[in-house]
Structure formats: structure tokens, C-alpha cells
1. Determine the equivalent ellipsoid of region 40-108 by diagonalising the alpha-carbon gyration tensor, then write out the semi-axes as square roots of 5 times the eigenvalues, largest first, rounded to whole Å.
2. Please give the calculated 222 nm ellipticity per residue for the chain, where each DSSP H segment of at least 4 residues contributes -39500 (n - 2.57) and the sum is spread over every residue; nearest 500 deg cm²/dmol?
3. What are the semi-axes of the equivalent ellipsoid for region 28-181, taken as the square roots of 5 times the Cα gyration tensor eigenvalues, largest first, in whole Å?
4. Percent of alpha carbon pairs in the chain separated by more than 35 Å?
5. Quick one: compute a quarter of the convex hull surface over the Cα atoms of region 233-279 and quote it in nm².
6. Which net charge results when you count Lys and Arg as +1 and Asp and Glu as -1 among the other residues whose beta-carbon is under 9 Å from that of K226?
7. Rounded to the nearest percent, how much of the accessible area of the chain (1.4 Å probe, protein heavy atoms only) is carbon and sulfur?
8. In degrees from 0 to 90, rounded to the nearest 10, what is the angle of the helix 4-15 Cα long axis to the longest principal axis of the chain?
Amino acid sequence: MNLLPALVVIVASWAFSTDISMYITQTYKLDSLGACQGISYQQGRIFLYGDREVGVIREYAKQGDSLVPIHNEMKLTLNGKNVINHPTGIAFNGRNEVFIGNTIRLNKEGTLWKAMIYCIDWKGLQQTGTLDGNIINTVEDDTCIQGARPEYVKYKKKWYVATADYGNKGNEVRLYDPAALRKAAKTSDAGVLVKKFTCTPWVQNLKWVAEKGVLVLIQNQIEGRKWRFTYVDLKKSIETGKQEVNKVVDLDPADELEGFTFLKSISDGIAVTSSRKNNVHNIHIQW
């Protein structure tokens, strides 16, 4: 009797398990960020960004179960003017250019938005502490519906800059060619938009999990409230044109989830919210 086919099925079932759970292990407050808008983990370094009196990025170090500032603060200003006033994503992969998103509300009702993506000299920004001399290119994200949330993803061995919409209809995840994005004036320019697929509403940020081929949609369950993490198979979603969901995880807090990142291990992460208190949450992830 040949047992190999059965063994293959068992191994495949284990490898693509969708039994993902997430638990908050600790909650605490970090100040000086205004309303925190996201978090970026970069080769052992941790950056949180928010919309204080100006857009700001601050670097932190993990000490025990907490984050502590290491006195590296970047103001997203140009000639003293607040330019990236509402940062909503930092795309970093350690190889290509760094892109930072900015989502601008144009009316009080929140029905009109403008999204911008900035190609940044990341090392220069850290050295000088402002955008002066460190903006490589400015791109209007005119193919978006509501907001820009850049995050690097890999599809068929090539890097792309993914972004997504926040609103409640017509939402998409779009993949941009980073080389084209570096030179474009608008994301509707030829060669910028490469792939896209539809997704569910209220996406605040994105996180790529290379080990799993998964893109995490960091979402609210309703507009501006309650936490949701949607684990999407990137390859299948691109091929079908709609999000192909491995798992949806809803957590209890009722405030506005803004960002999330895994740390050195994909079993440990940090979620951030725009709350004035209790805005940072350590998360354990069970795959």
C-alpha cells in the first residue's frame, strides 16, 4: 500500500493552516506622537509615527515588555511647513526606496480626500530630522479611493508597493511598481499600477508576512472603531481579483486600531491606536 499521497495531504494541510489567533499581552501609553497612526519594524529598529502639531516619526527600542524612546525624532516638515501632516504608512524593505503615505481630509464630513505618496531619502531624514533635502519625489495617489498606506510586498519574486483604501465601498488593494513610482507624478501614470484586487472596508494599514505569503489588512470593524485583522493570501487574491481570506481575527478593544507590525518573530507583534492613553499593545500571535 502506498502511503505517500496521504502523507503529502497531511503535510500540505499543516503548512497552510488557517488557525491563527491573536492575544493582547500588555497595554501601555507612549506620548509625544499626537494621534499615533502606525508602526514600522525595520531590521531590529522600531518607528512609530503620528500627527502631532506636525507629522512626526519617533524611534523606540524594545526593553523588556515596553518601548522606550531613543531620542531620534523626525518632523515631517519642509522649510518649517507641515508637509506630511497625517502619515499613514511607511514602505521599507531594506533594498528599495522608502515611501511614506499621507492621507489628507479635504472636508469636515470626511467625504473628500487627497492621498500623497512621498519617495524619501530615509537615511537623510534620520540624519537631519526634517524633510528638507530628503524628498526624492512626490506622487499624487489619484487611483486611490480613500488614502495611501504604502507597504512593500513580494509577488512572483518582485517587490511592489501595496496600498489600500479606508472607505466603505469600492475598496481595493493596489500594487505599484516602485521604480515607476519613484519617477511618477501620479499613480495613474503609465506603468505605475501593476495589479489590484478588491477588499473589505476600513483598512488602516497593511503588513506583509513573507514567510506565509500573507498580507494582513489592519482594519476597523466599523468606521473608526474596533479591531480587525484580515489575513489574505496575496497570490490567490491577485489572481482572482478579490481578497482571498485565510483568517479574520477580531479583538475586543473598541478604539481605533491604526497600525500593527510583527517584530523579530512573527509570533510577536505590536498594535497601535490613535487613543490618547493606552495606545500601544503587545500582541502574541499563534499560527
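The values are calculated or read from the model by the stated rules, or taken from the named source; none is laboratory data. Predicted, not measured: the structure shown is a model, and the values here were computed from it. All Cβ positions, even for glycine, are placed from backbone atoms using ideal geometry, and neighbour counts span all protein chains on display. The accessibility values were calculated without ligands, DNA or RNA, using every heavy atom of the protein model including side chains. Shrake-Rupley method; radii C 1.70, N 1.55, O 1.52, S 1.80 Å.
1. Value: 23, 15, 12 Å, ordered largest first.
2. Working: 4 runs with 32 residues, N = 287.
Calculated mean residue ellipticity at 222 nm is -3000 deg cm²/dmol.
3. 23, 19, 16
4. 14 percent
5. 4.7 nm²
6. Details: positive: R225, R228; negative: D250, D252, D255, E256.
Combined, the nearby Lys, Arg, Asp and Glu give -2.
7. Numbers: 6740 of 13500 Å².
Carbon plus sulfur share of accessible area: 50 percent.
8. Helix 4-15 sits at roughly 30 degrees to that axis.
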